[in-house]
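Here the structure is laid out as structure tokens; the discussion comes afterwards.
The values are calculated or read from the model by the stated rules, or taken from the named source; none is laboratory data. Being a predicted model, the structure only gives us computed values, none of them experimental. Glycine gets a Cβ as well: all are built from the backbone with ideal geometry, and neighbour counts include every protein chain shown. Please note that ligands, DNA and RNA were not included when accessible areas were found on the heavy atoms of the full protein model with its side chains. Shrake-Rupley method; radii C 1.70, N 1.55, O 1.52, S 1.80 Å.
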Amino acid sequence: MANDLELLIKLLPWLVANNGASLSEVAKHFDISEKHALELIGQLVVTGPSQAGGGLVDIDFEDSDSIFVSDAKALDRPVKLSEFEASALLGGLHYLEQFPNLVDTEIVGGLIQKIQQALPNADSAINVVTARISEDVNSVVSKAIASKHAIEIKYAGVTKEDVSVRMVDPVKIYSQDDFVYLKAWCQNSQAWRSFRMDRILEAKLSDKAIAIPADEEPSEAKREYLAAIELDKAYYGQLDQVDIVSFKEYMWHAVEVELRVYSRDWLVSMILASGGRVKAVRPPDLIEALVARASAWE
Amino acid sequence: MARARTERMLNLLFVLLNSRTPLTREQIRERVPGYGDSNEAFERMFERDKAALRDLAIPVETKPVDMFHDDVLGYRIDRSDWLMPEISITAEERTYLALAASAWQNAQLSTAARQAVSSVDAREQGAEISVPVSLAKGRRHITEILAAIANGKTVVFDYVGLNQSEVVKRTIDPWRALLHSGHWYLIGFDQDKGEVRTFRTDRIVGDLVETKHDILESMPKDFDLSAITDTWEHSDKDATIATVLVRPGRAASLRVLATACEIGDEWDELTIPYHHESQLIGLIASSCDVTRVKSPQSLQDSVTRIVTTTLSVHNFGK
């Protein structure tokens, strides 16, 4: 619809805030061609009703390297946030606020207050409750990353469901949704691993400096186990977190989904937890592993 | 939109925004070029332009021009209604604004957040920052839920409850989105049940549809989400206690939930408080080869039921 008008409403306050910007910067920021940017600025230049005592905007762009706005009497501020925009921004800030190990939460908290003071109706419809991380673990890991020392961790594994003790060289902490992960070189398995911080039961600082083989690039764990399962279409949404390769629809709402997961063990757990809603189709070793585990129940 | 009309509307916008008092149609026609000579054409064009501005959520006020002539209507745009107030942002805060926007791994939400950032702080961002945070990657329904909350509209969707086999259509006044222990939830007022309910977004079947209807029940100002989530957590208040045996070094997810662990040679004994069986059944079934339920019997029976079902689905079992 009113595309150019919407752009112009955003463009003028941006030019005011970034006085002296070049045409290519304008094009880049608004994701338009330089030609289109030039047309828009041209429209701003000719705008300004004669009856209102001269132009309402005074733009000077002798060359396209610097555009100066010396007078924008009315539209010198950006438009207020829509509720959706406020929700997205404040939601993102509330999210950051949950991670004292990643950001300075006092600054983030102050920023949220500042925005809400200026816009009393702005609210975020998003709440985040993160998994609890032991303070000891947190401080040991942070110290180890800063001083580049190895740590010994007792870890409650997610895919294999086992508790193991490992020596790891910690590198960085990051978040994915409400979990915080530690990226580290695992000396026991001689590979890069991500550990969920809330599942590190204990962490001990060692006196050894980290020693990561130089030719080992940090790589993401791969979803290498290819399998097929059958389930009612109603439960399809529960496959949010797997890589879906393909799916076929059958009669009576059944679908066969071919997927890739990190490990067979994890998939067996998922199928067992579904309580019969999900059926393993192939490969045969998936069904064998599933039946073996289920038969061991007493 | 034709270039001439864009120009005319931009001028109209400036004139309405720059006036302290409502302007009559005659005054607008005098000040804004491009409305032509015929009265009829002016009326038609002006109505169209006014509607187009309102479509862009620009608050064009209609008010009597003065208190003596309440039949003569004028128009203006109140700056403070439409434009952002000045917010002074420090360099450090600017970094976190950009980070909050870049956390969203969802196209619509990240676009909205970035737009919000440039409205709060129109200055071009400096260097990119690299704290790795990521939010809602590959998750469904989040955008629709947040949009419906912002618009104040009722939503409908098909839903499968935990340990239920039927798909039930729900009509919900959406209040909040919650990210909790790896899952996204919608919290809202269930119109059929007449009470507040929570829904895990990955149990929504098919699409979540925003209706044209305004919500019936809005969120109370003092709504306390933690009153709901506290009962999900490991809080020991009013909890049932399960005693579960697990093989040494195994069943890690159950160990994380345990409030006590007694180490044994063959089995470790875990004490796990819970509020609903559904919190434990799936986890125990997942590691049923290395886990035994000592008590309560009802939990043991529920796990046996779902493990047996899984076996029979695969044509095995007793």
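Things to note:
- Number of the condition not met by A:N19 [criteria: (1) more than 8 Å from chain B (Cβ to nearest Cβ); (2) open to solvent by less than 50 Å² (accessible area, probe 1.4 Å)]: (2)
- Qualifying residue in the range A:124-131 (condition: open to solvent by 50 Å² or more (accessible area, probe 1.4 Å) and outside the structural domain of A:L286 (by TED's automatic domain parsing)): no
- The number of residues in the range A:134-146 that are in contact with a helix residue (DSSP H, G or I) (Cβ under 9 Å, 6 or more places away or on another chain) and away from every other protein chain (no Cβ under 12 Å) comes to 3.
- Entirely in the range B:28-132, the helices (runs of 4 or more DSSP H) that have 3 or more residues that are within 23 Å of A:L90 (Cβ to Cβ) and open to solvent by 80 Å² or more (accessible area, probe 1.4 Å): B:107-120
- Yes/no for B:E7 being among the acidic types (D, E), farther than 27 Å from B:S134 by Cα and buried (at least 19 other Cβ atoms within 10 Å of the Cβ): yes
- Single residue of the range B:268-318 satisfying the filter (basic (K, R) and not in a helix (DSSP H, G or I)) that is farthest from the other protein chains (Cβ to nearest Cβ): B:K294
- The set of residues in the range A:96-125 being within 24 Å of A:Y181 (Cβ to Cβ), at the interface with another protein chain (Cβ under 7 Å from one of its Cβ atoms) and either free of Cβ contacts under 8 Å to residues at least 60 places away in the same chain or of a type in the set (S, T, N, Q) (or both) consists of A:L96, A:V103, A:I107, A:V108.
- Residue match in the range B:224-247 (condition: touching a strand residue (DSSP E or B) at 6+ places or on another chain (Cβ under 7 Å), free of Cβ contacts under 8 Å to residues at least 24 places away in the same chain, of a type in the set (A, V, I, L, M, F, W, C) and part of a loop (DSSP other than H, G, I, E, B)): no
- Members of the range A:152-193 that are among the hydroxyl-bearing types (S, T, Y) and within 14 Å of chain B (Cβ to nearest Cβ): A:Y155, A:T159, A:S164, A:Y174, A:S175, A:Y181
- Of the residues making up the range B:181-218, those that are open to solvent by 30 Å² or more (accessible area, probe 1.4 Å), farther than 20 Å from A:A131 by Cβ and among the charged types (D, E, K, R) are B:D192, B:K193, B:E195, B:R197, B:D207, B:E210, B:K212, B:D214, B:E217.
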